[in-house]
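Notes follow the structure.
Where a number appears in this text, it was derived from the coordinates with a stated rule and is not lab data. Nothing here was measured: the structure is a model prediction, and the numbers come from that model.
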Amino acid sequence: MSIDNPLAEFEIASGVQRGSRLTLYANRLVHHGGDSMEAVPLAQLAAVRVAFERDPRKLNWAIVLLVLALILAAVSGPLQAWMSELAASAGRESLEAVLVGTFTALSQLARLLLPVAAVMAAGAVALLVFFWLGRTTLTLCFAAMERGYAVRGRNAFLVQFAEVVVAQLAASQVKRAG
């Protein structure tokens with residue numbers, strides 16, 4: 001086995017580092033991304049971690065948006081009917097004309113609550129989807145720092161790549177000890 005032949009490769013297809021590639025060689029791990037390249041000697045790695053994670057903040061925001069959407073949808077119809085009824089029952093005197101105008105404007109505003117609720121519900125559904133997808137993160141730990149490579153969703157290929165890195169790291173440790 002030559003040190004210049006790649007043992008494994010992983011193309012990062014989503015996330016912040018989209019379009020970059022991790023390549024494992026016998027003695028190093030190389031990250032090619034855009035206009036940059038970083039090579040990490042395997043001897044410098046202290047640990048390798050791969051994990052599937054979900055961001056609970058996305059779930060919290062989705063719940064808040066859904067509750068607000070339900071409140072707006074529930075209030076929209078009765079508020080619109082009440083404001084329209086008030087506007088229709090008032091006469092046309094000067095003060096009453098101001099009130100009629102105000103109630104008509106409030107009625108039109110109440111009519112907008114249902115579309116706003118639908119947009120909020122759609123945003124909540126999008127947040128729930130991103131929460132459900134989660135992300136898989138490969139973390140390389142060094143003595144004083146760590147590097148993380150995250151992709152959207154549960155990614156079995158990144159897990160397999162991490163297993164190959166760990167196996168190569170263990171093999172290089174055995175060679176150094178022996």
Counting only residues 5 or more apart in sequence or on a different chain, those whose built amide H sits under 5 Å from that of residue 28 are 42
Alpha carbons only, please: Rg and Dmax for segment 56-133, in angstrom. 17.5, 60
Amide hydrogen neighbours beyond the local backbone of residue 20, cut-off 5 Å, H modeled: 12
Measure nothing but the geometry: give the 0 to 90° angle between the long axis through the Cα atoms of 156-177 and the longest principal axis through the Cα atoms of the chain, rounded to 10°. 30
Build a GNM of the chain with springs between Cα atoms under 10 Å: which of 100, 67, 165 gets the top mean-square fluctuation? 100
Can you bin every Cα-Cα distance in segment 11-111 into 10 Å intervals starting at zero and give me the percent of pairs per bin, rounded to whole numbers? 12, 20, 15, 11, 11, 11, 11, 7, 2
What is the Cα centroid distance between segment 133-178 and segment 37-84, reported in whole angstrom? 27
Per-residue ellipticity at 222 nm attributable to helices in the chain (runs of n ≥ 4 DSSP H, -39500 (n - 2.57) apiece, nearest 500 deg cm²/dmol) works out to -19500 deg cm²/dmol
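Provide the three semi-axes, in whole Å and in decreasing order, of the ellipsoid equivalent to segment 107-178 as defined by the square roots of 5 times the Cα gyration tensor eigenvalues.
49, 12, 5
Would you kindly calculate the translational diffusion coefficient of the chain, applying Stokes-Einstein with the Kirkwood radius from alpha carbon pairs, for 37 °C and a viscosity of 0.692 mPa s, and quote it in µm² s⁻¹ without decimals?
Values: Rh = 20.8 Å.
Using the Kirkwood radius from Cα pairs, D works out to 158 µm²/s.
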